[in-house]
1. Among residues other than residue 59 whose Cβ falls under 12 Å from its Cβ, what is the net charge (Lys/Arg +1, Asp/Glu -1)?
2. For the pair residue 184 and residue 258, what calculated FRET efficiency results from E = 1/(1 + (r/R0)^6), where r is the Cβ-Cβ distance and R0 = 51 Å, to the nearest 0.05?
3. Counting pairwise Cα distances across the stretch 156-268, what percent come out greater than 20 angstrom?
4. Based on the alpha-carbon gyration tensor of the stretch 16-175 and its eigenvalue square roots a ≥ b ≥ c, which shape applies: rounded if a/c is under 1.5, prolate if not and a/b is larger than b/c, or oblate?
5. Give the label of the value calculated from the structure for Rg/Rh (Cα atoms, Kirkwood Rh), choosing from [x] 1.12; [y] 1.03; [z] 0.95.
6. Using the Cβ atoms and a cut-off under 11 Å, what net charge is assigned to the surroundings of residue 268, where Lys and Arg are +1 and Asp and Glu are -1?
7. Could you give me the ³J(HN,Hα) list for the stretch 173-190, computed from phi with Karplus coefficients 6.51, -1.76, 1.60 and θ = phi - 60°, whole Hz, x at Gly and Pro?
8. Go through 30, 117, 101 and say which Cα lies farthest out towards the positive end of the charge dipole of the stretch 21-286; charges sit on Cβ, +1 for Lys and Arg, -1 for Asp and Glu.
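Derivation of every value follows stated rules applied to the coordinates shown; laboratory data play no part. Because the structure is predicted, anything quoted here is derived from the model rather than measured. Don't worry about glycine lacking a Cβ; one is built from the backbone with ideal geometry, like all the others, and counts go over all protein chains shown.
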Amino acid sequence: MSDVAERVVAERGAASGKATSRRRTRLLAPALGALLLLLFLACALFPSHLAPYDPNHLDYLALLKPPSLVHPFGTDNLGRDMLSRVVFAASIDLQIAIFSTVLPLICGTMIGALVDYRGGFLDALFGRLVDLSVTVPFLILVIAIVAVLGPGLFNLYVAVSLVGWVPYARLVRSEMMVQGKRDYAAAARAMGFGTWRIVFRHLLPNAITPTIVYWMTDLSLAVLLGSSLGYLGLGAQPPTAEWGVLIADGKNFMTTAWWMSIFPGAAIVAAGLSFSLLGDALADWLRPK
């Protein structure tokens with residue numbers, strides 16, 4: 001009998017240890033994401049305090065210097081310190097991430113909620129817009145709009161806002177369709193509540209959770225989009241320090257000065273990783289048990 005009891009205790013201890021290990025693993029990912037995001041926020045808010053040099057200072061005596069104690073990320077072909085330029089670029093790229101997603105989030109949420117509740121002609125028109133957005137890739141539409149408007153950050157925000165609201169509207173519309181069939185929605189309509197109150201006070205608060213999670217993931221995609229357009233010369237313009245611009249500046253020196261492109265590229269990966277990890281953690285936290 002004692003052997004059986006010892007075996008049961010051992011199995012329970014092993015199960016408890018595995019559960020503790022899983023909890024630590026689940027906490028490690030969001031902690032890493034939060035740490036990376038705090039680092040980039042510090043670089044964006046206090047770049048002059050963290051960067052060792054002026055990002056646009058030219059030093060012709062330090063051209064294409066490799067990473068060292070004096071210049072931890074090396075220097076570029078004009079002698080500018082790469083660490084300082086990467087730090088200052090964080091403010092531009094995080095600005096692109098926020099401005100490129102907040103307006104589409106708000107507009108898409110409003111449009112998706114009203115289209116689902118009203119239906120009819122609005123629903124049919126929205127369906128055609130969705131078909132158009134699926135037919136033409138998102139990046140191609142953004143590049144075409146920026147090419148017409150001209151390069152620059154403001155035109156980039158306009159282009160992304162004109163196109164980027166569609167996924168949010170689709171997601172909100174599908175969630176609103178589910179919530180609209182619940183008993184509380186029928187009760188609100190039976191009590192004679194107005195459209196705006198039913199949509200924005202009852203249905204939308206229960207349908208917004210997947211949209212917020214998607215927004216966190218979209219922030220990482222916005223960083224990549226802004227860097228891609230900067231690399232193509234359609235986003236931030238030199239000598240502005242932006243990660244895509246820095247990679248474009250270093251593409252011709254990959255064999256002789258790899259650090260000019262590697263460190264800005266690593267910053268893009270780290271920023272995208274931080275938003276993705278926090279998005280996964282937010283999805284687990286908001287998912288109904």
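1. -1
2. Values: r = 59 Å, r/R0 = 1.15.
It comes out at approximately 0.30.
3. 58
4. Values: a/c = 3.23, a/b = 1.50, b/c = 2.15.
Oblate shape, in that a/c is at least 1.5 and b/c is the bigger or equal ratio.
5. Matching entry in [x] 1.12; [y] 1.03; [z] 0.95: [x].
6. -2
7. In residue order, the calculated couplings are 4, 5, 5, 5, 4, 5, 5, x, 9, 6, 5, 5, 5, 5, 5, 5, 5, 5 Hz.
8. 117
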